[in-house]
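Student: Sharing a structure with you now.
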Amino acid sequence: MRTNLQITGVELRRIAMPLRSPFRTSFGTETARDVLLVRVVTPDAQGWGECVAMSAPRYCSEYVEGAADVLRRFLVPALPAVADAHAVKRALKPFKGHKMAKAALETAVLDAQLRAAGQSFGSFFGAGRDRVPCGVSVGIMDSVPELLDAVGGFIDEGYVRVKLKIEPGWDVAPVRAVRERFGDDLLLQVDANAAYTLADARHLARLDAFDLLLIEQPLADDDLVQHAALAERLRTPVCLDESIESAEDAAAAITLGAASVINIKPGRVGGYLEAKAIHDLCVAHGVPVWCGGMLETGIGRAANVALAALPGFTLPGDTSASGRYFATDITEPFTLADGHLRVPTAPGIGVDPLPEILERVTTAEEWLKTRT
Ligand code: OSB
Ligand code: MG
């Protein structure tokens, strides 16, 4: 397989994507996604990467304008003239942090590389399935009846697992109501986005009564030791999201007993190569993983769905259909069939932006020259 690409330029493109309904978490309410797309141009093929940074640094320290800045100022200028995705990962490593910006650039290079070689993401990473089961992440609502309506609608659409966003004041009551209405067979989990402290352990243990698959990121991002202490006091398995930014973080969390499940988001960990390494580590330790989401467009979703088809992804992910997020996606929409999304099989990420729609949603474009 040809692995070395001559990278002739990089385009940064910002698009505005209104969400079909506001998405509220313990860290804020999103009504639209301000997405940064990275397009890498080579003589053989171009490649796309979607930066998952949000508009404000509330989920993590990155934010979309900061990601664009570090890309143009440091990361794109550090690209080797001839490279593959592994070489790009090495070239970006000396710059600390900025995992979401790095992930977008590395993914665009990997997409170009695989398109040039005629290989899909799924085949490159070793996907074991041609479709993946899908869960849905349900935001915090103004009232329990409103939540029950929303959850009922998603179950009718075929989602096989429901994740409820929680925060202090919106936890036991909504979980109880969903469990009572939809029954014990519903696969149900919760995500606190770091909204609690260890002092809430007794309160969080009340969730043990509802037979949840897991509780995701109950405590602060840098509280691995306290997550381990909390895990000892809960029957509900603890899953980490924000705390895990690398394979080293995952190894530490597993060793400490801070996580018995890991949510893998390629953007959060710096790209698909690192995501695969975390997957392999978790498989070796018998730790189940699932693929998280960051309200991606079809560009980011395509690669996530391929990753979610790896054998260690034994739990349904937050890889919902395009229509859960957007009235109009920038690619052909991903649609749910019997609760599953199909894994793309075309080379690279396997999907392309639809030019007319892409133009319509674009708010800014910038061309960055590379060393050649
Ligand atoms: O914590 O998993 C999270 C969305 C944005 C930021 C953080 C999170 C989420 C989600 C939605 O839960 C997942 C999705 O459907 O893309
Ligand atoms: Mg989460």
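Please treat every number below as a calculation from the coordinates, not as lab data. Just so you know, these numbers come straight off a predicted model, no measurement behind them. Every residue, glycine as well, gets a Cβ built from its backbone with ideal geometry; the counts of neighbours run over all protein chains shown.
Student: Is there a residue in the range 12-25 that is within 16 Å of ligand 2 (Cβ to nearest atom) and on the phi > 0 side of the Ramachandran plot? Write out each step before concluding.
Tutor: To start, the set of residues in the range 12-25 that are within 16 Å of ligand 2 (Cβ to nearest atom) comprises 23-25.
Retained after the next criterion (residues that are on the phi > 0 side of the Ramachandran plot): none.
No, the range 12-25 has no match at all.
Student: Then there's this: Looking at the range 252-267, I want the residues that are over 14 Å from LEU219 (Cβ atoms) and more than 14 Å from ligand 1 (Cβ to nearest atom) and have a partner that is part of a loop (DSSP other than H, G, I, E, B) and of a type in the set (Val, Ile, Thr) with Cβ atoms under 8 Å, at least 6 apart or on another chain. Which pairs are those?
Tutor: As it stands, the answer is ILE254/VAL287; SER260/VAL287, since those pairs meet every condition given.
Student: Out of (1) more than 16 Å from ligand 2 (Cβ to nearest atom); (2) buried (at least 18 other Cβ atoms within 10 Å of the Cβ); (3) acidic (Asp, Glu), the odd one out for ASP249 is which?
Tutor: The number of the failed condition is (1).
Student: Among the residues of the range 58-67, which ones are crowded, with 21+ Cβ neighbours inside 10 Å and not in a loop (DSSP other than H, G, I, E, B)?
Tutor: Within the range 58-67, VAL64, ALA67 meet the criteria.
Student: Here's another thing I want to ask about it. Could you look through the range 104-151, keep only residues that are assigned to a helix (DSSP H, G or I) and of a type in the set (Ser, Thr, Tyr), and pick out the one that is farthest from ligand 2 (Cβ to nearest atom)?
Tutor: Taking the range 104-151 as the starting set, the residues that turn out to be assigned to a helix (DSSP H, G or I) are 104-117, 121-125, 144-151.
In the following step, the residues that additionally are of a type in the set (Ser, Thr, Tyr) were identified as 107, 123.
Values: THR107: 20, SER123: 29 Å.
Among those that are assigned to a helix (DSSP H, G or I) and of a type in the set (Ser, Thr, Tyr), it is SER123.
Student: Turning to a different aspect of this structure: Pull up the range 158-176, narrow it to residues that are surrounded by fewer than 16 Cβ atoms within 10 Å (Cβ to Cβ) and over 21 Å from ALA231 (Cβ atoms), then point me to the one that is nearest to ligand 2 (Cβ to nearest atom).
Tutor: Restricting to residues being surrounded by fewer than 16 Cβ atoms within 10 Å (Cβ to Cβ) and over 21 Å from ALA231 (Cβ atoms), the top hit is GLY169.
Student: Which residues, counting only those in the range 325-338, are of a type outside the set (A, V, I, L, M, F, W, C) and either under 20 Å from GLY267 (Cα atoms) or assigned to a strand (DSSP E or B) (or both)?
Tutor: Within the range 325-338, the subset of a type outside the set (A, V, I, L, M, F, W, C) is 325, 328-329, 331-333, 335, 338.
TYR325, ASP329, THR331, listed by residue number.
Student: Taking ASP184 and the conditions (1) within 21 Å of SER26 (Cβ to Cβ); (2) part of a loop (DSSP other than H, G, I, E, B), which numbered condition does it fall short on, given that it satisfies the others?
Tutor: (1)
Student: I've got another one for you. Among GLY298, GLY292, GLY271, which is the only one that is within 13 Å of ligand 1 (Cβ to nearest atom), buried (at least 22 other Cβ atoms within 10 Å of the Cβ) and either under 11 Å from the mean Cα position of the chain (by Cα) or basic (Lys, Arg) (or both)?
Tutor: After ruling out the rest, the residue left standing is GLY292.
Student: ASN263 is checked against (1) surrounded by fewer than 22 Cβ atoms within 10 Å (Cβ to Cβ); (2) out of contact with any helix residue (DSSP H, G or I) (no Cβ under 8 Å at 6 or more places or on another chain) and fails just one. What number does that condition carry?
Tutor: Answer for ASN263: the failing condition is (1).
Student: Given the structure, is ARG179 free of Cβ contacts under 8 Å to residues at least 40 places away in the same chain and among the basic types (Lys, Arg)?
Tutor: Taking the combined requirement at face value, the residue satisfies it.
Student: Sort out which residues of the range 22-57 are surrounded by fewer than 18 Cβ atoms within 10 Å (Cβ to Cβ) and assigned to a loop (DSSP other than H, G, I, E, B), and write them in order of number. Lay out the reasoning, then the answer.
Tutor: Our first condition is that a residue be surrounded by fewer than 18 Cβ atoms within 10 Å (Cβ to Cβ); within the range 22-57, this holds for 22, 28-29, 31-32, 34, 43-44, 55-57.
Correct list: PRO43, ASP44, SER55, ALA56, PRO57.
Student: Pick from LEU186, LEU212, LEU219: which is within 16 Å of ligand 2 (Cβ to nearest atom), among the hydrophobic types (A, V, I, L, M, F, W, C) and closer than 30 Å to LEU336 by Cβ? Let's see the steps before the verdict.
Tutor: Numbers: LEU186 fails: within 16 Å of ligand 2 (Cβ to nearest atom); LEU219 fails: closer than 30 Å to LEU336 by Cβ.
After applying the criteria, what remains is LEU212.
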